[in-house]
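K.L.:
Quick one: the structure is below, and I'll ask about it shortly.
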Amino acid sequence: MDIEYLFRAHYAQMRRLAVALLHDDDAARDAVHDVFASLLDSRRPETPQAGYLMRAVRNRCLNEIREKDIHGRIAKGNFLNTDEYDDEEWPDEATIAAIYSIVRERLPEQCRRVVELRFYTGMDYADIAREMSTSLRTVFRNLRQALIIIRNTLGENG
């Protein structure tokens, strides 16, 4: 497979599609590069057709959009209603210690693992799904469940 030929022949069209879907030139360029990187990693003996490349870019962009949507939903699910706290004083050391304790002792195993991978190691949702051999939806549900447990437990102790 001649990656350089594919890149020269299809890059512009693939990037236009990615920009149209993502509305962000940098993210579009990254999506197209991810497709080519996966082709290099796959060691496919046959050369993919233009249609395959366009579908791969579309799918990569849709995954990116889904991931941004999940990030937005998670951002809305704060641990507590932070309006009650002065930004300079919260979270304090005791609250952070309480959160760590809840994660270790009260979360179901799968929820705990998702929280650890996301917040301790900084993995993104797609990587967590691959690591745990599960879907993005399951990762989101586990993280949401963990945040609910943490929020409720902190509320009980507050």
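The values are calculated or read from the model by the stated rules, or taken from the named source; none is laboratory data. None of these values were measured; they are calculated from a predicted model. The area values use the complete protein model at the heavy-atom level, side chains included, leaving out ligands, DNA and RNA. Shrake-Rupley method; radii C 1.70, N 1.55, O 1.52, S 1.80 Å.
K.L.:
Heavy atoms only, probe 1.4 angstrom, no DNA, RNA or ligands counted: give me R15, R141 ranked by accessible area, highest first.
P.N.:
Numbers: R15 70, R141 140 Å².
Of R15, R141, the descending order of accessible area is R141, R15.
K.L.:
Another question about this same structure. If I stretch the segment between L62 and D2 completely, what's the gain in nm (0.36 nm per residue apart, minus their alpha carbon distance), one decimal?
P.N.:
Working: separation 60, 0.36 × 60 = 21.60 nm, distance 2.65 nm.
The L62-D2 span can extend by a further 19.0 nm.
K.L.:
Now, a different point. Once neighbouring chains are kept in place and the probe is 1.4 Å, which whole percent of the accessible area of the stretch 88-158 is contributed by carbon and sulfur?
P.N.:
Details: 1960 of 4380 Å².
About 45 percent, which is the carbon plus sulfur part of the accessible surface.
K.L.:
Something else: Determine the gain in length on full extension of the stretch A12-A126; use 0.36 nm per residue of separation and subtract their C-alpha separation, reporting nm with one decimal. Write down the numbers at each step before the final one.
P.N.:
Working: separation 114, 0.36 × 114 = 41.04 nm, distance 2.63 nm.
Result for the pair: 38.4 nm of gain on full extension.
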